[in-house]
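Novice: First the structure, which I've put down as structure tokens, then a few questions once you've had a look.
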Amino acid sequence: MNNQGRPTRPAESGAVETRTFTGNRGLDIEEPLLFEIGRVETTGVDFDLAPSHADRLGPHARRDPIGLAGLTEPETMRHYVRLSRKNYAIDSGLYPLGSCTMKHNPRLNEKMARLPGFADVHPLQPVSTVQGALALIQQLAQALMTMTGMSAVAMPPKAGAHGELCGMMAIKAAIAAAGEGATRNVVLVPDSAHGTNPATTALIGFSVRSVPAGADGTVSAEAVRAALGPDVAAIMLTNPNTCGLFEREIVEIAEAVHAAGAYFYCDGANFNAIVGKTRPADLGVDAMHINLHKTFSTPHGGGGPGAGPVVLSQRLAAFAPVPYVIERDGRFDWVEQAQAQELGRMCAFHGQMGMFVRALAFILSHGSDGLRQASEDAVLSANYVRVTLSDLMSAPFGDRPCMHEALFDDSWLKDSAITTLDFAKAMIDEGYHPMTMYFPLVVHGAMLIEPTESESKASLDLFLMTLRDLALRAKRGEVERFLGAPRLAPRRRLDETRAARSPVLRWTAPKFAQAQSPV
Ligand SMILES: *Cc1c(COP(=O)(O)O)cnc(C)c1O
């Protein structure tokens with residue numbers, strides 16, 4: 001342990017002595033923190049001394065040296081390259097996170113996004129100089145409306161959750177405009193929903209009424225009707241849902257919601273399963289966000305930059321946020337100020353240009369037939385997973401075909417002393433990023449596997465053989481393999497609870513700095 005409470009050496013594995021002098025394991029280099037290796041007097045760049053200037057900071061001027069650790073240029077390169085190699089990424093292996101849709105990011109998209117005309121534009125440039133960029137945003141907007149059958153689309157939201165917020169704010173504005181703001185303040189959310197749904201609902205002042213999922217993993221129209229009332233503003237329903245199932249009664253649910261004077265918000269994070277097969281507008285949807293990083297292969301990044309455009313029905317189109325692109329006589333322009341009912345802005349500018357370019361590149365390079373095939377292949381892959389593991393692992397709704405992801409629970413591990421978490425950790429030793437665990441909450445010890453359309457059959461087969469091997473070992477009672485996992489990762493099990501409850505956020509100089517210098 002160092003004085004930050006971090007283990008400084010990877011733990012031992014196997015019977016052979018693997019402890020090395022450096023702590024490195026082969027070419028997997030132990031990398032200390034920048035503050036641990038950097039020196040205040042070192043810098044990778046030489047700056048001229050600043051000319052003397054009048055200090056206008058007054059009492060806010062810094063009194064003490066800033067103390068930032070510096071590295072030389074080669075040291076900087078090594079530090080960040082070594083850190084980057086510790087990342088697991090879709091470019092390094094299969095990434096079966098259910099609901100997250102970690103599909104390959106085609107290099108064509110990257111090439112397009114790097115074209116200077118797209119990469120180097122600034123949001124405050126005169127519109128006459130960015131006509132092509134505006135045309136691209138407009139073309140992507142049109143494509144999203146065509147695929148969904150919806151009347152309008154708000155491009156600015158920067159993530160799925162941000163899109164939810166935008167769509168629900170539009171619904172709230174529409175309800176207020178109808179004079180029902182005081183009475184309609186409840187949103188129905190099925191208990192299988194992604195956590196962002198109730199969070200969005202609560203953030204804008206609605207209260208959540210939970211709708212139980214049925215024994216078959218879907219929401220019934222009957223359950224929705226029972227929860228509807230004059231106080232209901234909307235339902236937020238995910239389709240395909242988080243159990244990987246198509247909501248069979250979705251049209252009946254939409255009709256019941258509309259008959260009660262409420263709106264139908266569809267969480268479209270899993271649109272990738274139905275693109276080219278079903279149009280949300282035909283299902284009665286009023287608003288739906290589309291995660292470009294899931295359905296249209298843009299990179300997920302470390303929490304961003306993302307893009308979550310929201311498509312809106314005719315009833316909600318007037319409540320879209322600004323700005324949006326319009327075309328007049330072959331010229332493109334921004335509408336910065338909308339009608340009286342405008343929602344305002346979701347962010348400073350117009351959204352994530354780089355993601356728009358990548359998503360449109362994906363759409364145009366696939367064409368409508370290719371997009372439909374991508375949906376079909378994603379569903380085929382997920383069903384291959386479901387069927388191949390069905391004799392070993394328990395699938396709560398496994399008796400019917402799934403959509404883009406296959407859901408298993410932990411009842412097959414009952415009495416084995418091995419949990420879903422242990423199984424996931426053992427996958428890391430095998431070189432696989434674990435699947436989504438313990439979500440959705442409606443099944444016990446959930447394991448949600450989403451292979452996506454971009455894995456080859458050979459890749460899926462190796463993954464499935466690995467899971468089968470692990471499952472057989474679990475059934476044979478090889479408990480240690482699981483409880484002690486991961487053994488081969490740079491770190492073993494971290495105390496996540498302690499990290500969350502008492503995070504060490506401030507670096508302090510090591511107490512035994514001298515001990516590190518060569519003897
Ligand atoms: C991913 C996801 C979201 C949130 O999207 P972000 O882009 O991560 O904010 C919401 N709902 C479901 C079902 C999702 O899978």
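Yes/no matrix, rows are residues, columns are (1) closer than 30 Å to LEU108 by Cβ; (2) in contact with a Cys (Cβ under 9 Å, 6 or more places away or on another chain); (3) polar (S, T, N, Q):
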{"residue": "GLU252", "(1), (2), (3)": "no, no, no"}
{"residue": "ALA281", "(1), (2), (3)": "yes, no, no"}
{"residue": "THR298", "(1), (2), (3)": "yes, no, yes"}
{"residue": "GLY301", "(1), (2), (3)": "yes, no, no"}
{"residue": "PRO305", "(1), (2), (3)": "yes, no, no"}
{"residue": "LEU316", "(1), (2), (3)": "no, no, no"}
{"residue": "TYR324", "(1), (2), (3)": "yes, no, no"}
{"residue": "ARG331", "(1), (2), (3)": "yes, no, no"}
{"residue": "HIS350", "(1), (2), (3)": "yes, no, no"}
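Novice: Test THR452 against the criterion of being among the polar types (S, T, N, Q) and at pLDDT 90 or above, and give yes or no. Full working, then the answer.
Specialist: Details: among the polar types (S, T, N, Q): yes; at pLDDT 90 or above: yes.
Against the criterion (among the polar types (S, T, N, Q) and at pLDDT 90 or above), THR452 qualifies.
Novice: Further question: What is the one condition in (1) open to solvent by 50 Å² or more (accessible area, probe 1.4 Å); (2) in a loop (DSSP other than H, G, I, E, B) that SER416 does not satisfy?
Specialist: Only one criterion in (1) open to solvent by 50 Å² or more (accessible area, probe 1.4 Å); (2) in a loop (DSSP other than H, G, I, E, B) is unmet by SER416, namely (1).
Novice: Moving on to the next point. Go through (1) farther than 30 Å from ALA458 by Cβ; (2) among the hydrophobic types (A, V, I, L, M, F, W, C); (3) at pLDDT 85 or above; (4) within 34 Å of the chain's Cα centre (by Cα) one by one and return the number of the condition ALA11 breaks.
Specialist: (3)
Novice: Go through ARG358, ARG331 for me and flag whichever is of a type outside the set (A, V, I, L, M), over 30 Å from CYS243 (Cα atoms), modelled with pLDDT of 95 or more and assigned by TED's automatic domain parsing to the domain that holds ALA152.
Specialist: The conditions single out ARG331.
Novice: Tally the residues that are more than 16 Å from the ligand (Cβ to nearest atom) and part of a loop (DSSP other than H, G, I, E, B), restricting the search to the range 59-104. Please lay out each step first, then the result.
Specialist: At the first step, the residues of the range 59-104 found to be more than 16 Å from the ligand (Cβ to nearest atom) are 59-89, 91-94, 104.
Going one step further and asking which of them are part of a loop (DSSP other than H, G, I, E, B), we end up with 61-69, 71-72, 86-89, 91-94, 104.
Summing the residues that are more than 16 Å from the ligand (Cβ to nearest atom) and part of a loop (DSSP other than H, G, I, E, B) in the range 59-104 gives 20.
Novice: Read through the list (1) closer than 22 Å to LEU97 by Cβ; (2) open to solvent by 30 Å² or more (accessible area, probe 1.4 Å), then give the number of the only condition that GLY398 fails.
Specialist: For GLY398, the exception is condition (2).
Novice: Going by what's in this entry, would GLY44 be described as in contact with a Ser or Thr (Cβ under 8 Å, 6 or more places away or on another chain) and either within 22 Å of ARG491 (Cβ to Cβ) or within 16 Å of the ligand (Cβ to nearest atom) (or both)? Working first, answer last.
Specialist: Details: in contact with a Ser or Thr (Cβ under 8 Å, 6 or more places away or on another chain): yes; either within 22 Å of ARG491 (Cβ to Cβ) or within 16 Å of the ligand (Cβ to nearest atom) (or both): no.
So GLY44 fails the test.
Novice: Within the range 242-255, track down each residue that is open to solvent by less than 30 Å² (accessible area, probe 1.4 Å), among the hydrophobic types (A, V, I, L, M, F, W, C) and either farther than 26 Å from CYS100 by Cβ or within 16 Å of the ligand (Cβ to nearest atom) (or both).
Specialist: Of all residues in the range 242-255, those open to solvent by less than 30 Å² (accessible area, probe 1.4 Å) come to 242-245, 247, 250, 253-254.
Still in the running and among the hydrophobic types (A, V, I, L, M, F, W, C): 243, 245, 250, 253-254.
Listed by number, the residues that qualify are CYS243, LEU245, ILE250, ALA254.
Novice: Output the residue which, of all residues in the range 105-116 that are within 21 Å of the chain's Cα centre (by Cα) and part of a loop (DSSP other than H, G, I, E, B), is nearest to the ligand (Cβ to nearest atom).
Specialist: ASN105
Novice: Can you tell me which residue is nearest to the chain's Cα centre (by Cα) among those in the range 187-208 that are crowded, with 21+ Cβ neighbours inside 10 Å and more than 12 Å from the ligand (Cβ to nearest atom)?
Specialist: Within the range 187-208, the subset crowded, with 21+ Cβ neighbours inside 10 Å is 187-190, 192-194, 197, 200-201, 206.
Narrowing further to those that are more than 12 Å from the ligand (Cβ to nearest atom): 187-188, 201, 206.
Values: VAL187: 23, LEU188: 23, THR201: 19, PHE206: 24 Å.
Ranking the candidates gives THR201 first.
Novice: Does any residue of the range 40-59 turn out to be more than 30 Å from GLU405 (Cβ to Cβ) and surrounded by 14 or more Cβ atoms within 10 Å (Cβ to Cβ)? Before you say what the answer is, go through the steps one by one.
Specialist: If we filter the range 40-59 for residues that are more than 30 Å from GLU405 (Cβ to Cβ), which is where we start, we get 40-59.
Subset that is surrounded by 14 or more Cβ atoms within 10 Å (Cβ to Cβ): 43.
Scanning the range 40-59 turns up at least one residue that is more than 30 Å from GLU405 (Cβ to Cβ) and surrounded by 14 or more Cβ atoms within 10 Å (Cβ to Cβ).
Novice: Continuing with the same structure: Count, please, the residues in the range 482-516 that happen to be surrounded by 13 or more Cβ atoms within 10 Å (Cβ to Cβ), out of contact with any Asp or Glu (no Cβ under 8 Å at 6 or more places or on another chain) and modelled with pLDDT of 90 or more.
Specialist: Result for the range 482-516: 3.
Novice: Scan the range 209-238 for residues that are open to solvent by less than 20 Å² (accessible area, probe 1.4 Å) and within 16 Å of the ligand (Cβ to nearest atom) and report the count.
Specialist: Residues meeting the conditions: 9.
Novice: Collect the residues in the range 119-167 that are open to solvent by 40 Å² or more (accessible area, probe 1.4 Å) and either within 16 Å of the ligand (Cβ to nearest atom) or within 13 Å of ALA287 (Cβ to Cβ) (or both), keeping them in residue-number order.
Specialist: Answer for the range 119-167, where residues must be open to solvent by 40 Å² or more (accessible area, probe 1.4 Å) and either within 16 Å of the ligand (Cβ to nearest atom) or within 13 Å of ALA287 (Cβ to Cβ) (or both): SER151, LYS158, ALA161, HIS162.
Novice: Within the range 481-501, is there a residue that is touching a residue at least 24 places away in the same chain (Cβ under 8 Å) and within 27 Å of ASN241 (Cβ to Cβ)?
Specialist: No, the range 481-501 contains no residue that is touching a residue at least 24 places away in the same chain (Cβ under 8 Å) and within 27 Å of ASN241 (Cβ to Cβ).
Novice: Collect the residues in the range 256-270 that are within 11 Å of the ligand (Cβ to nearest atom) and either open to solvent by 10 Å² or more (accessible area, probe 1.4 Å) or not in a strand (DSSP E or B) (or both), keeping them in residue-number order.
Specialist: Listed by number, the residues that qualify are GLY268, ALA269, ASN270.
Novice: Only one of GLU73, GLU110 is of a type in the set (Asp, Glu), open to solvent by less than 30 Å² (accessible area, probe 1.4 Å) and in contact (Cβ under 8 Å) with a residue 24 or more places away in the chain. Can you tell me which?
Specialist: Checking each option against the conditions leaves just GLU110.
The values are calculated or read from the model by the stated rules, or taken from the named source; none is laboratory data. Quick caveat, the model's predicted, so the values are computed rather than measured. Cβ atoms come from the backbone with ideal geometry, glycine included; neighbour counts cover every protein chain shown. Protein only, heavy atoms only, side chains kept; ligands, DNA and RNA dropped before computing areas. Shrake-Rupley method; radii C 1.70, N 1.55, O 1.52, S 1.80 Å.
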